[in-house]
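> What follows is a structure written as structure tokens; I'll ask about it next.
Rule-based calculations on the coordinates, nothing more; no lab input. What you are looking at is a predicted structure, and each value in this text was computed from that prediction instead of being measured. Here the Cβ positions follow ideal geometry from the backbone for every residue, glycine too, while neighbour counts run over all protein chains shown.
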Amino acid sequence: MSIARRVSLSALLVAALGTTALPAAAHAAPHAPRVERVSTAADGTEGDGASGAASLSGNGRYAAFRSDAENLTEGHKGPYDYGFVRDLKTGEVTRLKNSMGAPVISDDGRYAAHIGWGSHGINVFLTDLSTGEIKQIDGRGFKFSASSPDISANGRYVAYDLQPQHPGEPTRVEVYDRESDTREVISDGPPDSARDMVDPSISADGRYVAYLDKGTSQVWLRDRTTGSLTRIDDGTPSTLVQVSGRTVALDSAAGSYVRDLRTGKVEHFAGKDAQAVSPDGRQLLYGDARSNLVLRNLRSGHEVTVGHGGATAGAIADKGRSVAYGSDDTDVVPGDTNGLRDVFVRHTH
């Protein structure tokens, strides 16, 4: 068709339509990305202490983080109450009692797993935010401590590393089942019984648990359904970042890489620092040499710059639509005058 012919048809169409406006939906632009600061009180008051180590529930509604601030909630603050959960829909902020680190939360925001002070050491606790009940879940005596909790999407399973105080018993990884009130040993002890198994990551459905052999820097994956145990690093000393969906992310001296647990395919990102994987395993958050955070779609390769700072496992939610991170920058949102590290959530849609 000639150019003149196309112009003529366009003119006829305009004449036929006259001045009739098209439906508003036809002109609607995609939602612009926005960033909100979440380490504030419910009324927006800035925190008087630094905040960080943020994660999100899978649906993106709840943000969990650690903060030294004493003014984010009203009432008495205990000596070890550093964990917070914020409802991003209502703005409500909850301080977790006896929370020494950043909590990890279930998708519905009801359950939060965190470390706290036990009777004789550091232990892992599960808080029911709907009732306020707090329960120590590592279930061992006073010679044991536990740390590094991770929680399944429905809050039923919590993985953690159990640390016996006796030198002949190395640290091992366990999973607590909230419904049956039972514990399952996940990691197999090495032949020399001297290496620690630490830093577990549990998949959203609770089926897979990955963990690090601290002595060899090897990363292992336990399939709780079949019982199989598979080494998943690339043969070099590695650090486990997160297992999610069908994807596991790791870091090594050569950069970051992700492995597809179904196909075995490995994708390397030289010079990058993997920091989180989305619940469906399709999005990777990594940092570059300048601490810029980038969200990458592992299927299409499309990348979006999220911000400047640092993130932790669990930072991605809602298929990559929300990303949590900590930053010292004061120009992320207007009115940031506390001069402290804050937690932000970037909404991409």
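> What list of whole percents do you get for P(r) of the stretch 248-317, with Cα-Cα distances grouped in 5 Å bins up to the one holding the largest distance?
4, 18, 31, 29, 14, 3, 1
> If you take the charge dipole of the chain about its Cα centre, with +1 on Lys and Arg Cβ and -1 on Asp and Glu Cβ, which of Met197, Pro334, Phe125 is farthest toward its positive end?
Pro334
> Please get the size of the charge dipole for the stretch 64-182, origin at its Cα centre, with Cβ charges of +1 on Lys and Arg and -1 on Asp and Glu, quoted in debye to the nearest 20. All intermediate terms of the calculation are to be shown ahead of the outcome.
Values: 13 positive and 18 negative charges, 38 e Å.
Here the stretch 64-182 has a charge dipole of around 180 debye.
> Around Ser51, with a cut-off of 13 angstrom between Cβ atoms, what is the net charge of the other residues, counting Lys and Arg +1 and Asp and Glu -1? Display every interim value, and only then the final one.
Details: positive: Arg37, Arg66, Arg86, Arg95, Arg341; negative: Glu46, Asp48, Asp68, Glu70, Asp328, Asp336, Asp342.
Around Ser51, the surrounding residues sum to -2.
> What whole-number distance in Å separates the alpha-carbon centres of the stretch 78-120 and the stretch 260-336?
With the stretch 78-120 and the stretch 260-336 each reduced to a Cα centre, they are spaced 23 Å.
> DSSP loop (so not H, G, I, E, B), at most 15 other Cβ within 10 Å: list which trypsin sites (Lys or Arg not before Pro) in the stretch 265-349 pass both filters.
Numbers: sites: Lys265, Lys272, Arg282, Arg290, Arg296, Arg299, Lys319, Arg321, Arg341, Arg346; in loops: Lys265, Lys272, Arg282, Arg290, Arg299, Arg321, Arg341.
Here the sparse-neighbourhood loop sites are Lys265, Arg290, Arg299.
> What three numbers, in Å, describe the spread of the alpha carbons of the stretch 88-172 along their principal axes, ordered from the longest?
Largest to smallest, the principal-axis extents are 49, 23, 18 Å.
> To continue, here is another question. May I have the convex hull volume per residue, in Å³, for the Cα set of the stretch 115-249?
Details: hull volume 14.8 nm³, N = 135.
Hull volume normalised by residue count: 110 Å³.
> Angle check, please: helix 3-17 long axis (alpha carbons) against the longest principal axis of the chain (alpha carbons), in degrees 0 to 90, nearest 10.
Taking Cα atoms only, the helix is inclined about 90 degrees.
> Label 7 Å along Cα→Cβ of Thr263; the stretch 229-256 residues with amide nitrogen under 15 Å?
246-248
> What percent does the relative contact order of the stretch 103-249 come to when contacts are Cα pairs within less than 8 Å and at least six residues apart? Intermediate results must be reported in sequence, preceding the final value.
Working: 365 pairs, mean separation 21.1, N = 147.
Value for the stretch 103-249: 14 percent.
> For the chain, what does -39500 (n - 2.57) per DSSP helix run (n ≥ 4), summed and divided by total residues, give at 222 nm, in deg cm²/dmol to the nearest 500? Walk me through the numbers before you get to the answer.
Values: 2 runs with 19 residues, N = 349.
When only DSSP H runs of four or more count, the value is -1500 deg cm²/dmol.
> Once you charge only the Cβ atoms, +1 for Lys and Arg and -1 for Asp and Glu, what is the size of the charge dipole of the chain about its Cα centre, to the nearest 20 debye? Could you put the intermediate results ahead of the total?
Details: 38 positive and 45 negative charges, 258 e Å.
I would put it at about 1240 debye.
> Most fluctuating residue of Val294, Val332, Val323 in a GNM of the chain with Cα springs under 10 Å: which is it?
Looking only at Val294, Val332, Val323, the biggest GNM fluctuation is shown by Val332.
> Another one. Let me know the charge dipole size of the stretch 193-326 about its Cα centre in debye, to the nearest 20, where only the beta-carbon of Lys, Arg (+1) and Asp, Glu (-1) is charged. The partial results should precede the final answer.
Details: 17 positive and 15 negative charges, 65 e Å.
Approximately 320 debye in magnitude.
> Something else: Translational diffusion coefficient of the chain at 20 °C, 1.002 mPa s, Stokes-Einstein with Kirkwood Rh over Cα pairs, in µm²/s as a whole number. Walk me through the numbers on the way to the answer.
Numbers: Rh = 21.6 Å.
Diffusion coefficient, whole number: 99 µm²/s.
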